[in-house]
Structure formats: C-alpha cells, structure tokens
Amino acid sequence: MTDTVLSSARREVVIGFDRPFVMIGERINPTGRKLLAAEMKAGDFSRVEADALAQVEAGAQMLDVNAGIPLADEPALLARAVQLVQSITDVPLSIDSSIIEALEAGLAVYHGKPLVNSVTGESEVMERVLPLVARHGAAVVAISNDETGISEDPDVRFAVAKRIVERAADHGIPAADVVVDPLVMPIGAMGTAGRQAFSLIRRLREELKVNTTCGASNVSFGLPNRHAITGGFLSMAIGAGMTSAIMNPLHAEPKTGVMAANVLMGTDRDCVAWIRANRDPDAAVGEGARGRREGRRRRA
Amino acid sequence: MTDEEDFDLAELPDDELVTQMHDDLYDGLADEIVEGTSILLDRGWAADRVLADALVEGMRIVGIDFRDGILFVPEVLLSANAMKAGMAVLRPLLAETGAEPIGKVVIGTVKGDIHDIGKNLVAMMLEGAGFEVFDIGINCDVDKYLAALEAHRPDILGLSALLTTTMPYMKTVIDTLNQKELRSKYIVLVGGAPLNEEFGQAVGADGYCRDAAIAVEMAKHLVAARRSSSAAAIH
C-alpha cells in the first residue's frame, strides 16, 4: 500500500493502490494550443478559468497547470495560473514546467501540497528539482529517462526510476511522494509501446512500490478515433496497476475507460460512481419506489 | 482478397505499372515497390526517372492524404518504409550517374534534450519523400551539428526540441552558424511541440514545421526555391 497525499487549502486527494484512479486534468497547457498560448501571453486567463472549471465538473480530482509558452515569462505566467486556478477550484494541482524558476514561482504561491511535474533521471535535473520539492514538502512526478534518452528497454527505464526514488530519499523525500511516469510512447509509431508501459507499471508497483502516472493522450498520437484508443489504454494500464494519469476528462472515452476500470478493479465500491453516472435519467425522475424513498429520507 | 486480384507486375505496361506503384506505396508494400523499381530499371528506365515518376510522385500523394487526415501515422510509416526499400535499389545507380538528390538533411535533437519520437518521424517522412537524411540523434551540441554539416554538406539542417528549457539552444546553434559565416549555406528548419511560428522567426530559422507532413512540404519547397534562385544567379 502506497498513498501519495496531495492537497489544496481545503481538500485532500490521495493517489494510492486500491483506491479509485486519480484523473489529473491536462487541459491547462498551451503546448499545441495556439489560442490559449496567445491569450495567456497577453495576460488573458479566461480560457484557463473555463478549462479549470470544466475539467473539475467532468470529474478531474486534480489539475495539471502548465504555462510553457515560447518567448514568454513562464515563471510569472505559471504563478498567475496557479493562483487563479486555486481561487476558483479546491482540487490539488500538478505544477508543470521544465524550467526550475517556473516551478519555484508556482510553488511559492501554492496553498497546500502540490505535485511537482517533473523531475527526470538526469543528474543535473535531479540536483535542481529534488531540493526544491523537499523544501516545499511537495510530491514529485519522476520521468523514467536520463541523459542517454528514453530507453526502449523496460529494464533500463525501471533502473532509472529506481535511481530517482533513491536520490529523492537522499533529499528526504519519501518514496510515497514520488509518482513515477513510465513514459508512454505513441502506439502508432511504436507497436510495443503498450506492452512496455504495462510491464513497467506492474514492476513499479510490485517491486518499487510507488504510485504511477503518465500523459495518457500521448499513446494515441496520429491515430483516428484516438480518444477510444486512449480510453482502452487507460483501462488496461489501470489493470496493470497504474494509479493516476494526466488526461482529458472532457472526452467521453478516456473518462469512461477510467470509470469502468475503477468498477472492475473493485475500487468503485458497490459501483456507486458508475451507477450515478450511468443511471437512466428517466428512471431517476420517475414515480417509482426509489423516488418516493428518497423523498421520505430528505424529509427525515 | 481473391485470386483474381493477383497479377504479375512485370506484365503491366509502363504507365499502369507506375500507377500500380503509386497504389503500392500508398498501401506500404515494400516488396512490391522493390519489384516494380527493378522492373522499370530492367526496361531501361533511368534511375532518376524511376525515382521521380514512380516513387516521389507516389509519396506526394501519400503526403497529401496524410496532411488531410485521410492517412494516419502508422500507414505513412509503412509507406515511407516501402519508399526506402525502393531507394535502396536506386541509390547506388543514382550515385553513379551523379544525379542530384532531392535534397540532403542533417537532423538532430538539441543539447539537453533527449526526446526523439517526433524527430524520428520527421526523418522517416523526409526519407520517404526521397531526401537523404543523416540523423545525428539526441542531445546534440553545436560541435556535433557543425561536424555533421561539414561531413555531409546537406541542404537542410533540422533542429528539434520538446522542452521549453532546451529550445533556446536552437538560437545558440543558429548564432554559431552566423558567427562562422555558414548560415547562408543551409536551410534551417525547426520543430517540436512547444515551438511556434514566432519562436522560429525569433531564433532566425528559415521555417517552423508544425508537424512531419509540413516539414516535408517545407523542405521540398525551400530546396526547390533555393536551387532555382541559385540557377538564376548563374545564368
């Protein structure tokens, strides 16, 4: 059992074995979103606000916040985005940047215990990011690549993840606060990407006993009807033991894939969430016994 | 598939064989492309004509349908692979005749960055379009780029980055080319998820390639434009 506890000022979310899968909303990220990038750079954060609310409404338990815009003041933009999102939602955040100053700026304004996205196995990156994570008492996403690249050998990727977990411990960060990203490649360009990810996820859980996450949408890059592939991947990855993902909860297929997996893994106890989301709306408002019972309980 | 669809490529007249090769490229059939290429050569076609009429034209159609969302990444990779198989037959002959290649490209991911899926995709698509591609890998510093430029004398230098932290290194590479007065020798194309048009201009690249299909279109266009302007300068 490994629990990674994240929090905002008002709410706690736990990523953990045998708990419902945690969906981390991916939308607040200007990479590949021309309009959002232009607006954020010009100081217009209305779309950030709308994206935050819509993703939480759709069931995201956490949100990833990224402000990686070329030729912009990323630390200032990220800090502002973090503050704004925390002012309108109470979900914990994943503060996402490859720039240390931006991570620092985001952490400085954050209320609660965030997830820092991310550290890699590159020595230089670990030496910069891990002290920052330790100082703020945050948790961190560990990406399983190092200076030599993204290995196609799952054993190498596992070894890199292990090294990051050990280095984190040297800095006083417990393994429970390291969430490993096994790096999911586009299946359309690499046919073994799925099986690689599943076997790595299983080992990370069973041998390293860490929680896992990934950028789920990456898997379906370049394919038609890609959300269905992402949804299928998520179900299978959860079956292999993955405990969270950075994903788009606004797309029906990935979200359904997660919810169904929660049912099948037994973490959606008594199928409560599934039934709530899928009950025939006509039945719910009908004049059957259920409606009457609920009426009685409300009055009681 | 039924038996009646089986036929012998060698029995087709030239024009139908070429059309069939376009279809086979579209379907990513490497063996059939090698066979068709050999048949045309046996019939006395020059290697550069086989390249232009059968292979490059076939890949042009593939490129259009990829751009328009009709074909998808795995299909295009198969097409590019089939094209490569045909090129392997043609390359020694092209070298003998001294025919000018469509273009040569040196491509690599910049220093500090180890991401290469997008870069590999672009390299494969360029090869598929008939370019000779020298992929120098990930984490390339200026010296590595300079050495590759010196060794291969390409038309195009392609720089890739996936991180906001590493993409400024593109400017370092281009600035160094300027300092050494080498910049005008090459078309410099940049690409990678966090980049945009404005960034490409700011670092002094000749083009920003949003995806692999655009990279191929831009590479073809810029090489052709450069050759026609240098031809015009000679006359």
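The values are calculated or read from the model by the stated rules, or taken from the named source; none is laboratory data. All figures in this text were calculated on a predicted structure; none of them were measured in a lab. Counting neighbours? That spans all protein chains shown, and the Cβs are built from the backbone with ideal geometry, glycine included. Ligands, DNA and RNA are excluded from the accessible area calculation, which covers all protein heavy atoms including side chains. Shrake-Rupley method; radii C 1.70, N 1.55, O 1.52, S 1.80 Å.
Odds and ends about this structure:
- Sum of side-chain charges, A:ALA237 neighbourhood, beta-carbon under 12 Å (Lys, Arg +1; Asp, Glu -1): +2
- Taking packing as the residue-averaged number of other Cβ atoms within 10 angstrom, the listed peptides A:202-215, A:163-176 run from highest to lowest as A:202-215, A:163-176.
- Peptides B:53-59, A:235-241 ordered by average Cβ neighbours within 10 Å, highest first: B:53-59, A:235-241
- The range B:118-193 and the range A:73-147 have Cα centres lying 31 Å from one another.
- Sequence-ordered 3J(HN,Hα) estimates for the range B:98-112 from the Karplus curve with 6.51, -1.76 and 1.60 and θ = phi - 60° stand at x, 5, 6, x, 4, x, 10, 10, 9, 9, x, 7, 5, 3, x Hz, glycine and proline given as x.
- Each peptide among A:141-147, A:52-58 gets the average number of other Cβ atoms lying within 10 Å of its residues, and from highest to lowest they stand as A:141-147, A:52-58.
- Rounded to the nearest 10 degrees, the angle from helix A:74-88 to the longest Cα principal axis of chain A is 20 degrees.
- Dividing the radius of gyration of the alpha carbons in the range B:84-152 by their Kirkwood radius gives 1.03 for Rg/Rh.
- Charge dipole of the protein assembly as shown about the Cα centre (unit charges at C-beta), most positive-ward option of B:LEU126, B:ALA213, A:ALA168: A:ALA168
- Using alpha-carbon coordinates, inclination of helix A:289-299 to the longest axis of chain A, degrees: 80 degrees
- Cα-only Debye scattering, chain A: base-10 log of I(q)/I(0) at q = 0.13 Å⁻¹: -0.90
- Other residues lying with their Cβ under 9 Å from the Cβ of A:LEU63 contribute a combined charge of -2, Lys and Arg counting +1, Asp and Glu -1.
- Using the Stokes-Einstein relation with a Kirkwood hydrodynamic radius computed over Cα pairs, the translational diffusion coefficient of the protein assembly as shown at 4 °C and a viscosity of 1.567 mPa s comes to 51 µm²/s.
- The range A:222-286 and the range A:150-210 have Cα centres spaced 23 Å apart.
- Cα-only radius of gyration and Dmax that characterise the range A:1-53, units Å: 15.3, 45
- Residue-averaged beta-carbon neighbours from other chains (10 angstrom radius) around B:162-170: 4
- Pairs of Cα atoms nearer than 8 Å and 6+ residues apart set the relative contact order; for chain B it is 16 percent.
- Charged neighbours of A:ALA105, selected by a Cβ distance under 15 Å, balance to -2 (K, R count +1; D, E count -1).
- Rounded to 5, percent antiparallel among DSSP beta bridges of the protein assembly as shown: 15 percent
- Dividing the helix sum by the residues of the protein assembly as shown, where each DSSP H run of 4 or more adds -39500 (n - 2.57), gives a mean residue ellipticity at 222 nm of -15500 deg cm²/dmol.
- Peptide-level mean, for A:137-148, of C-beta atoms on other protein chains within 10 Å: 1
- Seen against the Cα atoms of chain B and their longest principal axis, helix B:30-42 is set at about 70 degrees.
- Net dipole in debye of chain A [+1 Lys, Arg Cβ; -1 Asp, Glu Cβ; about Cα centre; nearest 20]: 1400 debye
- Globularity index of chain B is 1.08 (Cα radius of gyration / 2.2 N^0.38 Å, N = number of residues).
- With a 10 Å cut-off around each Cβ of B:67-75, the average count of Cβ atoms from other chains is 3.
- Rounded to the nearest Hz, the phi-derived 3J(HN,Hα) couplings of the range B:75-84 under the Karplus curve 6.51 cos²θ - 1.76 cosθ + 1.60 (θ = phi - 60°) are 5, 5, 5, 5, 4, 4, 5, 5, 4, 4, where x marks glycine and proline.
- Mean-position separation - Cα centroids, the range B:28-107 and the range B:216-235, in angstrom: 21 Å
- Amide H contacts of A:SER7 (H built 1.01 Å from N, under 5 Å, at least 5 apart or other chain): A:VAL13, A:LYS113
- Annotation note: GluC sites (Glu not before Pro) in the range B:179-235 located in DSSP loop regions with a Cβ neighbour count of at most 10 within 10 Å are B:GLU181.
- Interface size, chains A and B: roughly 1700 Å² of accessible area buried, both sides included, 1.4 Å probe, rounded to the nearest 100.
- P(r) histogram, all alpha-carbon pairs of the range A:186-273 included - 5 Å bins from 0, percent: 3, 15, 25, 25, 18, 9, 3, 1
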